[in-house]
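Below is one structure, written out as structure tokens; the observations come after it.
The values are calculated or read from the model by the stated rules, or taken from the named source; none is laboratory data. Predicted, not measured: the structure shown is a model, and the values here were computed from it. Because the Cβ atoms are built from the backbone with ideal geometry, glycine has one as well, and the counts that use them run over all protein chains shown.
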Amino acid sequence: MRHSLAPRSDFPLLAATPGLHYLDSAATSQKPAAVLNAIRDFYETANANPHRGAYALSAKATDLYHDARATIARFVGVADSDCVVFTRGTTEAMNLVASSWGRTNVQAGDEIVVTALEHHANFVPWQQLALQTGATLRIVELTAHQSIDLDQLRDVVSTRTKLVAITHVSNAVGAITPLAEAVHIIRARSAAVIVVDGAQAVPHLPVAFDTLDIDFYAFSGHKLLGPMGIGCLVGRRAILEKMPPYQFGGDMIEWVHDFDCTWNVLPHKFEAGTPNAADAVGLAAAVRYLEALGMDQVRAHELSLLEKAEAAVRALPGLTVYGPAVAQRSGVLSFSVADVHPHDLATILDQHGVCIRAGHHCAQPLMRRLGVSATARASFYVYSDESDVEALVTALVAAQQIFAAVD
Ligand code: PMP
């Protein structure tokens, strides 16, 4: 039986292209009509600059922006919605913490801990912060199946550690970090601030920030059915309040004197300039769509497709699958085919209507450790179904036949 969790007909792009097998949701998800309509409605019925006007239309825009934040806070388990700061996405959220918290709290002699599993967005800001401050960057290595090695984490974290940056779910191989254990290890050894990259977790797993005992959590709307250009940084109030602003301008100030300023309250202190209100409203619509599906069901659906895909591709000759066992992975199948470059594979699969990602997945430190320059990655989401798995396997067999003929 074939079934997707969310009907393809809810997604205008998928509905318009019946033969398309979109298996690149880890890069960005498709958008349901509910999200597109919410954005359109904002511009058609509420468009005004939030926080600025004394007239009803501006108040409506402000209310919608405020309600969007509250909806998103509820979805990621944050009771205090003022601790949800809108950013352009995970990348900007990490840069915000590195610039604002990092430059005021990290100095020479301190240690910053990252893992070899990180996306560049949760690696480069910390590497550069270390270079700028004279702190030492320490890298936690991985197990043989590309999970964060908790024994390594135990060895690396110490009283010198000022900050630990760790992914919740790997985009490159799908490995789900045992976050509670990792946090326990870090807290037992240090007073470090813990920053978690949730870009691949929030779209696929139930997440409740308030229960995680971490300090910062970041994610991107476009990976959870929402629009591009909007995401969130969630932080603990006590830490956010002590941090200096990240950018300066309108909205983030309280008073501007000639030679100094005072700052607005949270979250506005970190949201300089006209906010991306329409996309915040679009992201709230995406969250409501996912809530209606149920995040436990989302997880179960992806796992069931992943199990089928994994079993089918493992039966093919010359295939290497990366990452831990399926139960410890999000809906990501990262693999290579002997003697076929992932880019060639992706091009041939595209001729069969199958979209996969080929490349280093913005995780070059991980690729170096795997000893490859790239992998092929198929990733599933709520609109995926068994026909996508079948199309993937059929196209892989066809690709192997082409390359066998070339040999
Ligand atoms: N972290 C992870 C794990 C990701 O998958 C991504 C997106 N590929 C990012 C960070 C960066 O997200 P964005 O490009 O939306 O800022």
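Some values worked out for this structure:
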read-out: Cβ-Cβ under 6 Å pairs, at least 6 apart or on other chains, the stretch 157-173 side touching a residue at least 24 places away in the same chain (Cβ under 8 Å) and within 16 Å of the ligand (Cβ to nearest atom), far side part of a strand (DSSP E or B) and among the charged types (D, E, K, R); value: T167/D197
read-out: Members of the stretch 342-355 found to be more than 16 Å from the ligand (Cβ to nearest atom), touching a helix residue (DSSP H, G or I) at 6+ places or on another chain (Cβ under 8 Å) and either under 11 Å from L23 (Cα atoms) or of a type in the set (G, A, S) (or both), listed by number; value: L349, G353, V354
read-out: Close pairs (6 angstrom Cβ cut-off, 6 or more residues apart or separate chains): under 28 Å from T394 (Cβ atoms) and within 13 Å of the ligand (Cβ to nearest atom) in the stretch 356-373, of a type outside the set (K, R) and outside any loop (DSSP other than H, G, I, E, B) anywhere; value: R357/D24; H360/M367
read-out: Residue in the stretch 57-70 that is in contact with a strand residue (DSSP E or B) (Cβ under 7 Å, 6 or more places away or on another chain) and within 16 Å of the ligand (Cβ to nearest atom) present; value: no
read-out: Any hit, the stretch 100-117, residues being of a type in the set (V, I, T), surrounded by 19 or more Cβ atoms within 10 Å (Cβ to Cβ) and in a loop (DSSP other than H, G, I, E, B); value: yes
read-out: Tabulated pairs, the stretch 12-30, first under 19 Å from A363 (Cα atoms), second within 16 Å of the ligand (Cβ to nearest atom) and in a helix (DSSP H, G or I), C-beta under 6 angstrom, 6+ apart or interchain; value: T28/H222
read-out: All positions within the stretch 318-347 that are over 29 Å from V140 (Cβ atoms) and surrounded by 18 or more Cβ atoms within 10 Å (Cβ to Cβ); value: V337, V340, L345, A346
read-out: Extreme residue, surrounded by the most Cβ atoms within 10 Å (Cβ to Cβ), among residues of the stretch 1-33 that are among the aliphatic types (A, V, I, L, M) and not in a loop (DSSP other than H, G, I, E, B); value: L14
read-out: Check on V113, in contact with a strand residue (DSSP E or B) (Cβ under 9 Å, 6 or more places away or on another chain) and either more than 16 Å from the ligand (Cβ to nearest atom) or outside the structural domain of F209 (by the TED database) (or both); value: yes
read-out: The stretch 1-22: number of residues that are at pLDDT 95 or above and either among the basic types (K, R) or touching a Ser or Thr at 6+ places or on another chain (Cβ under 6 Å) (or both); value: 2
read-out: Set L36, L96: member being crowded, with 16+ Cβ neighbours inside 10 Å, of a type in the set (A, V, I, L, M) and either under 16 Å from V195 (Cβ atoms) or modelled with pLDDT under 95 (or both); value: L96
read-out: Any pair with Cβ under 6 angstrom, 6 or more apart, that starts in the stretch 73-93 at a residue that is closer than 23 Å to M295 by Cα and ends at one that is within 8 Å of the ligand (Cβ to nearest atom) and in a loop (DSSP other than H, G, I, E, B); value: T90/A199
read-out: Selected residue (only one of A188, A182 is more than 16 Å from the ligand (Cβ to nearest atom) and part of a helix (DSSP H, G or I)); value: A188
read-out: Members of the stretch 249-270 that are surrounded by fewer than 14 Cβ atoms within 10 Å (Cβ to Cβ) and under 24 Å from A79 (Cα atoms); value: V265
read-out: Y246, sole failed condition from (1) within 16 Å of the ligand (Cβ to nearest atom); (2) buried (at least 23 other Cβ atoms within 10 Å of the Cβ); value: (2)
read-out: Matching helices (runs of 4 or more DSSP H) fully within the stretch 215-318 where at least 2 residues are aromatic (F, W, Y); value: none
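Per-residue answers, yes or no, for (1) closer than 21 Å to L225 by Cα; (2) assigned by the TED database to the domain that holds H352; (3) acidic (D, E); (4) not in a loop (DSSP other than H, G, I, E, B):
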residue: D41; (1), (2), (3), (4): yes, no, yes, yes
residue: K60; (1), (2), (3), (4): no, no, no, yes
residue: Y65; (1), (2), (3), (4): yes, no, no, yes
residue: A68; (1), (2), (3), (4): yes, no, no, yes
